[in-house]
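First up is the structure itself, then whatever we jot down about it.
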Amino acid sequence: MPLLCLTSPKGGVGKTSLAAGLAHALRQAGRQVLAIDCDPQNALRLHLGLPIADGAGFFARLQDRPDWRASIRTTPAGIALLPYGETDMRGALATASALDRDPELLAGPLRAMLADPALIVLADTPPGASGALSVLAPLATLVLAVLLADAASTALIPDIDSGRFLGRGTLGSLLGPKLLVVLNQVDRHSRLSIAAAEGVAAHLGPRLAGAVCRDDAVAEALACQRPVGMHAPGSRAANDIADLAAAVLRDLPPPVVAPPDPTPLSSPLFPWARP
Ligand SMILES: Nc1ncnc2c1ncn2[C@@H]1O[C@H](COP(=O)(O)OP(=O)(O)O)[C@@H](O)[C@H]1O
Ligand SMILES: [Mg+2]
């Protein structure tokens, strides 16, 4: 039922790495997770261990109204994944304008996903304001904005306060009440990074959902196509992401316990998921 969106004002801040890490940590906490990649970079699948040659996906084919259940891949970490799908710039632009004309292309399937009370749906979105985020935001339980612990992030604090963060007007005000911030790549050996993290934390208070340290284990995990908590459990970044997952879970409704099913399922996690 809950929808978590990961977003960021700019790219390269670790949004997809944290989406994969958070999906894994939530799964480790016993929750069922469906991760949706809404970013044409189609990178979430790499973090979650899908074969590189597998270019199938959901979002890239939105115009064809694909069956989202049939597009699901189950990953080695037990996370159900809707990859974006392979595309090029022309395809990504065509998808974006189709979504702009008809937001129901995404909103319809999303509502069906969110109807499952046992499921946490976690979406990775492109950086900045996007058509995907404008469809996701009204349905979202929490929007997690990833910022680096640097001077540029501290400069964004006034926009976070005013609700203009990630877009003026409707989108900003839609995000306002459910917007939390995650600081990534906090470098405990850098005075600037620590000062920026402390400044953002002092200002945001409870709107800071968590902070994740800079840790080579994150990049190594991607090289091994695994979420960091699976690749390097006990690493500092994995522990920070587990703390973030615990903070997120405190803000979500409690899990719905499904009644025991007497018939064995074809897949232990999602009976409708294709392996
Ligand atoms: N906490 C971290 N510590 C070290 N490297 C990180 C961390 N988070 C992300 N990275 C690295 O930063 C780069 C960008 O991460 P990515 O998740 O692709 O960002 P985005 O999705 O925001 O574009 C990757 O090389 C990734 O391994
Ligand atoms: Mg990304």
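So here's what we get for this one:
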item	result
Filter result for Ala20 (away from ligand 2 (no atom under 16 Å from the Cβ) and either more than 18 Å from Gly128 (Cα to Cα) or buried (at least 23 other Cβ atoms within 10 Å of the Cβ) (or both))	no
Hey, Asp124 charged (D, E, K, R), buried (at least 16 other Cβ atoms within 10 Å of the Cβ) and farther than 22 Å from Arg45 by Cα or not	no
Failed item, numbered, when Pro40 is tested on (1) of a type outside the set (A, V, I, L, M, F, W, C); (2) open to solvent by 10 Å² or more (accessible area, probe 1.4 Å); (3) in contact with a Pro (Cβ under 6 Å, 6 or more places away or on another chain)	(3)
Which numbered condition Val13 misses (of (1) among the hydrophobic types (A, V, I, L, M, F, W, C); (2) part of a helix (DSSP H, G or I); (3) over 27 Å from Ala98 (Cβ atoms))	(2)
Subset of segment 133-145 [in contact with a Pro (Cβ under 9 Å, 6 or more places away or on another chain), open to solvent by less than 10 Å² (accessible area, probe 1.4 Å) and either without any contact (Cβ under 8 Å) to a residue 60 or more places away in the chain or under 14 Å from Leu204 (Cβ atoms) (or both)]	Ala145
Thr87 vs. criteria open to solvent by 10 Å² or more (accessible area, probe 1.4 Å) and within 16 Å of ligand 2 (Cβ to nearest atom)	yes
Breaking point among (1) within 16 Å of ligand 1 (Cβ to nearest atom); (2) of a type in the set (Gly, Ala, Ser); (3) open to solvent by 20 Å² or more (accessible area, probe 1.4 Å), for Gly30	(1)
Candidate set: segment 1-27, residues that are within 10 Å of ligand 1 (Cβ to nearest atom) and in contact with an Asp or Glu (Cβ under 8 Å, 6 or more places away or on another chain); chosen: the one nearest to Ser153 (Cα to Cα)	Lys15
2 or more residues in contact with a Leu (Cβ under 6 Å, 6 or more places away or on another chain): qualifying helices (runs of 4 or more DSSP H) within segment 106-166	131-139
Condition met for Pro83 (within 15 Å of ligand 1 (Cβ to nearest atom), touching a strand residue (DSSP E or B) at 6+ places or on another chain (Cβ under 9 Å) and under 22 Å from Lys15 (Cβ atoms))	yes
Close pairs (7 angstrom Cβ cut-off, 6 or more residues apart or separate chains): open to solvent by 20 Å² or more (accessible area, probe 1.4 Å) in segment 91-106, among the β-branched types (Val, Ile, Thr) anywhere	Pro103/Val135
Any chance Leu208 is over 19 Å from Leu48 (Cα atoms), away from ligand 2 (no atom under 16 Å from the Cβ), surrounded by fewer than 23 Cβ atoms within 10 Å (Cβ to Cβ) and within 17 Å of the chain's Cα centre (by Cα)	yes
Any chance Ala29 is over 19 Å from Ser134 (Cβ atoms), within 13 Å of ligand 2 (Cβ to nearest atom) and among the hydrophobic types (A, V, I, L, M, F, W, C)	no
Unique residue being open to solvent by less than 10 Å² (accessible area, probe 1.4 Å) and at pLDDT 95 or above when the list is Leu46, Leu81	Leu81
Qualifying residue in segment 51-71 (condition: assigned to a loop (DSSP other than H, G, I, E, B), within 16 Å of ligand 1 (Cβ to nearest atom) and closer than 25 Å to Asp215 by Cα)	yes
Single residue of Gly49, Gly78 found to be in contact with a Cys (Cβ under 9 Å, 6 or more places away or on another chain) and small (Gly, Ala, Ser)	Gly49
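So that you can scan it fast, the table gives a plain yes or no per residue for (1) at pLDDT below 90; (2) more than 23 Å from Gly21 (Cα to Cα):
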{"position": "Met113", "(1), (2)": "no, no"}
{"position": "Thr141", "(1), (2)": "no, no"}
{"position": "Gly169", "(1), (2)": "yes, yes"}
{"position": "Ala195", "(1), (2)": "no, yes"}
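The values are calculated or read from the model by the stated rules, or taken from the named source; none is laboratory data. Since the structure is predicted, the reported quantities are computational estimates derived from the model, not experimental observations. Every residue, glycine among them, receives a Cβ derived from its backbone with ideal geometry; neighbour counts consider all protein chains shown. Keep in mind that these areas ignore ligands, DNA and RNA; they rest on the heavy atoms of the full protein, side chains included. Shrake-Rupley method; radii C 1.70, N 1.55, O 1.52, S 1.80 Å.
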